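**Student:** For reference, the structure I am asking about is given below.
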Amino acid sequence: MRKRELFRIHQYARKYERETGKFIINIAYETAAPEPTERVIGVAEGFGLGLDQWQKFVIYDNVELKIGPQDIVYITGDSGSGKSVLLKALEKDIRQDMGLSCINIAEIKPEPDKPLIETVGKSLEEALELLSKVGLNDAFLFLRSYKQLSDGQKYRYKIAKMIESKAQFWIMDEFAATLDRDTAKIVAYNLQKLARQQGKAVLAATTHTDLFEDLNPSVYIYKKFGKEIDIRYYPNEPAKECTLMKEMRIVEGTTEDWRKLAGFHYRSHKIAAPRKIFSLKRGDELCGVIVYCYPPPTAFGRRLVLPKMSMKELNEKLSIITRVVVHPKYRTIGLGAKLIKETLPLAGTPYVEMPAVMAKYNPFAEKAGMQKIAEQPPPKEALKILETLQQLGFSIQLLGSEKYALNKLRSLSNEDVTRIREAFIKHCHARFMKYFFCHMPFGRKEVYAKEVMKANLERLTHLIKVCSFLLQTKVYLFWKSS
């Protein structure tokens, strides 16, 4: 016996309501079976069933839907009730009959072995922006391949590809079905936020009914078994916050809290003389940490907002945010901004500054109330050293990887390694000297030159990593208590 075939009876559709900006779609569906066999006839006779009942089963009976090009449509209900059937019908209407562009998440075919940063965007800037939007904004994640990601991270990556596609409708069957429910809520919240920011529509179908608050749909469809269906319309407004945020609180933290999450931060795990540490917790689970320290003697951008002060006065009046880290599971729901906003008044100083690289791509500090003052371009010394490294075959994107840099150094001749040493000596920067003279930030040039020439490859690797930090454009942010 052949498999049952699904026959579509599509009634008049594609009527456009100018006042609402929505398309009206009428859909009817019924299943149809092939010619009955002897066994089928036997069952029908034995149970008193008419063959008409077997041959036809109505799934949708002239259902009217109103869907606009920026709606968030949440289709849920019983397994086998016809959610996927409806989704396919809507996708076909949108693609063929309405002539609007769609991308189906099932169509996305990631390149499993390439670094993520190489597989999205037309440029490095665009790639960083796309990945940051979906919460894959860890410097280490940029260099991972798709197959090295968790299920939740893979889902985030596919959302980045949907944004990149520029399609007007994002189609997602079995939405977040394989994710744990916490991750599913985070992905749902992030999906609707991004779609609404981009002015896109989402059609998501799933058996799970626990995503209503996080998706905050403008069209909600609950499909029961048989032809029963419940359709509701809501204002098309973003969800105010992810539901998991209600379970989180900020408490005084410790350096041990920082150490637990330090591995998820792209900078050094060491923090010098912390002034205050605050932790974000969900029950006993550590979700994020922010570290406030005493300020350095100088900082790019500071003179634009503060008069010259003695070191004693700086320590009394100014704190610097040196680390903000959120557990990868909880990224993109606004926890970075929450950590900053709620702890700024608790720092104990009237002024707070924050130099940050990722703030260029993700303005979470500005959302928390800090003011962007200036961008610091890479120093000329670092750019000159970069020229030498590129001439010797180094990739600028991988300079921050000590493993990559060390392997590259080991592959070079002694003469080429000497060229790198000489470049670091000729284009000396205070940050390079600080590596050799941690208690004397400015060091002594003649001693520094000797240290560079005798440094082993591991120490030279770290200098290259310091250079990679200097090559990043930093944003200087400032806050003043009211």
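Read-outs throughout are calculated quantities, based only on the coordinates presented, and are distinct from any laboratory measurement. Since this is a predicted model, take the numbers as computed values, not measurements. All Cβ positions, even for glycine, are placed from backbone atoms using ideal geometry, and neighbour counts span all protein chains on display.
**Student:** Across the range 186-194, in residue order, what do the Karplus-derived ³J(HN,Hα) couplings come to in whole Hz, using 6.51 cos²θ - 1.76 cosθ + 1.60 with θ = phi - 60° and x for Gly and Pro?
**Tutor:** 5, 5, 4, 4, 5, 4, 5, 4, 5
**Student:** Residue 150 to residue 342: extension gain in nm, 0.36 nm per residue of separation minus the Cα-Cα distance?
**Tutor:** Result for the pair: 66.1 nm of gain on full extension.
**Student:** Could you list, in their original order, any pairs among 158/372; 83/166; 83/158; 122/240; 88/185; 270/408 whose Cα atoms are separated by more than 28 Å?
**Tutor:** Pairs exceeding the cut-off: 158/372; 122/240.
**Student:** Set the Förster distance to 30 Å, then compute FRET efficiency between residue 422 and residue 298 from the Cβ-Cβ distance, nearest 0.05.
**Tutor:** That pair, residue 422 with residue 298, gives E of 0.60.
**Student:** Under a 5 Å amide H to amide H cut-off, with H placed in plane at 1.01 Å, what residues pair with residue 323 once short-range neighbours are removed?
**Tutor:** Residues meeting the amide H criterion: 291.
**Student:** Let me ask something additional. Charges at C-beta only: +1 for Lys and Arg, -1 for Asp and Glu. How large is the resulting dipole of the chain about its Cα centre, in Debye rounded to 20?
**Tutor:** 2160
**Student:** Lys/Arg Cβ at +1, Asp/Glu Cβ at -1, dipole of the chain taken about the Cα centre: which of 295, 251, 81 is farthest positive-ward?
**Tutor:** Projecting each Cα onto the dipole axis, the largest value belongs to 295.
**Student:** Placing +1 on the Cβ of each Lys and Arg and -1 on the Cβ of each Asp and Glu in the chain, which of 110, 130, 98 has its Cα farthest towards the positive end of the resulting dipole?
**Tutor:** Of the options given, the answer is 130.
**Student:** Further question: Just in the range 399-482: which trypsin sites (Lys or Arg not before Pro) are loop by DSSP and have at most 16 other Cβ atoms within 10 Å?
**Tutor:** When the trypsin sites (Lys or Arg not before Pro) of the range 399-482 are filtered for loop state and at most 16 Cβ neighbours within 10 Å, 444 remain.
**Student:** Out of the DSSP beta bridges found with both residues in the range 246-372, what percent are antiparallel (nearest 5)?
**Tutor:** So the antiparallel bridges in the range 246-372 amount to around 85 percent.
**Student:** Here are several values of log10 I(q)/I(0) by the Debye sum over Cα atoms at q = 0.10, 0.12, 0.14 Å⁻¹: [x] -0.87, -1.11, -1.35; [y] -0.80, -1.09, -1.36; [z] -0.95, -1.16, -1.31. Which one was derived from the coordinates shown?
**Tutor:** Recomputing log10 I(q)/I(0) by the Debye sum over Cα atoms at q = 0.10, 0.12, 0.14 Å⁻¹ here picks out [x].
**Student:** Next question. Only Lys, Arg, Asp and Glu count, each charged at its Cβ (+1, +1, -1, -1), so figure out the dipole size of the range 380-470 about its Cα centre, rounded to 20 debye.
**Tutor:** In total the dipole reaches around 200 debye.
**Student:** So if each residue of separation counts as 0.36 nm, and I subtract the Cα-Cα distance between residue 410 and residue 375, what length gain in nm does that give?
**Tutor:** Length difference between fully extended and current span is 9.1 nm.
**Student:** Right, another one. Find the centroid of the Cα atoms in the range 80-115 and in the range 201-237, then give the distance between the two in whole Å.
**Tutor:** Result: 17 Å between the Cα centres.
**Student:** Report ³J(HN,Hα) in whole Hz for each residue of the range 247-264, in order, from the Karplus equation J = 6.51 cos²θ - 1.76 cosθ + 1.60 where θ = phi - 60°; Gly and Pro get x.
**Tutor:** 9, 10, 9, 9, 10, 4, x, 9, 5, 5, 4, 4, 4, 5, 10, 4, x, 8
**Student:** If R₀ is 30 angstrom, what is the calculated FRET efficiency for the pair residue 118 and residue 383, using the beta carbon separation as r and rounding to 0.05?
**Tutor:** Computed FRET efficiency for residue 118 and residue 383: 0.80.
**Student:** In whole Hz and in residue order, list the ³J(HN,Hα) couplings for the range 282-297 that follow from phi through the Karplus curve 6.51 cos²θ - 1.76 cosθ + 1.60, θ = phi - 60°; x for Gly and Pro.
**Tutor:** Couplings: 10, x, 8, 7, 7, 9, x, 9, 10, 10, 9, 10, 6, x, x, x Hz.
**Student:** To the nearest 0.05, how large is the calculated FRET efficiency for residue 395 and residue 225 if R₀ is 56 Å and r is the Cβ-Cβ distance?
**Tutor:** 0.50
**Student:** Please identify the trypsin sites (Lys or Arg not before Pro) of the range 100-178 that satisfy two criteria: DSSP loop assignment and at most 11 other Cβ atoms within 10 Å. Which are they?
**Tutor:** Taking the range 100-178 and a limit of 11 other Cβ atoms within 10 Å, the loop trypsin sites (Lys or Arg not before Pro) found are 122, 166.
**Student:** Another question, then. Which angle between 0 and 90 degrees, to the nearest 10, do you get for helix 151-165 versus the longest principal axis of the chain when only C-alpha atoms count?
**Tutor:** 80
**Student:** Using a 7 Å offset from Cα along Cα-Cβ at residue 275, what residues in the range 294-320 end up with backbone N under 15 Å from the label point?
**Tutor:** 294-299, 302, 306-307, 309-320
**Student:** Could you line up 447, 251, 324 from fewest to most neighbouring Cβ atoms inside 10 Å?
**Tutor:** 251, 447, 324
**Student:** Taking the Cβ of each residue in 186, 464 as the centre, tally the other Cβ atoms inside 10 Å and list the residues starting with the fewest.
**Tutor:** Going from least to most buried by this count: 464, 186.
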